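See structure below.
Throughout, read-outs are computed from the coordinates displayed, never taken from laboratory work. Everything quoted here is computed from the prediction, not taken from an experiment. Cβ placement follows ideal geometry from the backbone for every residue including glycine, while neighbour counts extend to all protein chains displayed.
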Amino acid sequence: MKQVESIASLRELIGKEKRDGKRISFVPTMGALHDGHRSCINIADKHGDVLVASIYLNPTQFGDGEDLSRYPADLSRDLDLCRSWGCDVVFTPTSEAMYPVPQTTWIEVGEIALPLCGRSRPGHFRGVATVVAKLFNAVEPDVAVFGQKDAQQALVIRAMVRQLDFPVELRLSPIVREEDGLAISSRNAYLSAEERVQAVGLSRGLEAGIESMRAAGSTAESVCDAARARIRREGIERIEYVELLDAASLRELPAIAGKIILAAAVHVGSTRLIDNRVVVVGEGGALEPALLF
Ligand code: AMP
């Protein structure tokens, strides 16, 4: 496995592989790696010849007062994991390499970035889209894998790829969960033992919301109410949002049908957690878990 820190040496390395006809697969990460990242990396491995991961804690997607300075990074541990997961190249740029001059060029994807996390994290998806565009330009991947855990992020990247003609095929990993259902996240490391017990209430709440869709006459509002009630019952007091939306557009649903996403963000102590469930509502109300795309 090669670790590369500069865009120039990355381009040289990848250019050679591309000239040899190799297909480049790519997983961008912010480090503090876990089994969710491993799942993305495994999928990327299946769809390319040269497996590239990046580890870069991107400051432009963090707002003031967010957790940039306490993010649980550990580069040597992450590099060991990348090696054991079969990565061929790990790109670990410094901020000087990623942002050599103050960034004044931004990618704003518009509508899809506005609801859900876009409301409480202004500028977040602009930072995400911009850094992913920069990483795509540096890596020039044929395929890139993202996690459904960050569903809105995946939709933002898809909009960017489509509208700016990036020649990159996007693939998704399903959400990897702890045994009790909590979606795995680097931020779970912030939780105290007591908060960890409460945190599972988020996935249980979403499950309760989805289950409530089976009841006759359920509406987006009743589904969200059922999810909220369960989340509260599990001891989580601060709910930022619970919303049931169309899974492609993140627009409000005229009726519970098609592919839909129940997404939520909560705060457990000082930790903000997000999770979602995507299902296809079939004929007769059958519910099939699904990938966003
Ligand atoms: P991050 O390091 O948080 O930027 O995440 C890097 C990639 O891993 C993103 O595409 C995430 O959506 C994905 N990811 C994070 N957690 C999970 C999880 N629990 N299951 C699947 N993918 C995940």
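Packing order of peptides 140-152, 84-96, highest average first: 140-152, 84-96 (average count of other Cβ atoms within 10 Å over each peptide's residues).
Starting from the Cα of Arg70, move 7 Å in the Cα-to-Cβ direction to define the label point; list residues of segment 182-204 whose amide nitrogen is under 14 Å from there. Those under the cut-off are 187-193, 195. Entry note, the chain: the mean residue ellipticity at 222 nm calculated from DSSP H runs of n ≥ 4, each adding -39500 (n - 2.57), is -11000 deg cm²/dmol after division by the residues and rounding to the nearest 500.
Any chance you could give the angle, 0 to 90 degrees and rounded to 10, that helix 124-139 forms with the longest Cα principal axis of the chain? It works out to around 30 degrees.
When only Cα pairs below 8 angstrom with a gap of at least 6 residues are kept, segment 2-95 shows a relative contact order of 41 percent.
To the nearest ten degrees, helix 151-163 and the longest principal axis of the Cα atoms of the chain are 50 degrees apart. Peptides 187-195, 282-290 ranked from most to least packed give 187-195, 282-290, packing being the mean of other C-beta atoms within 10 angstrom over each peptide's residues.
Roughly how many nanometres apart are two label points built 7 Å out from the Cα toward the Cβ at Asp35 and Glu221? Once both label points are built, they end up 4.0 nm from each other.
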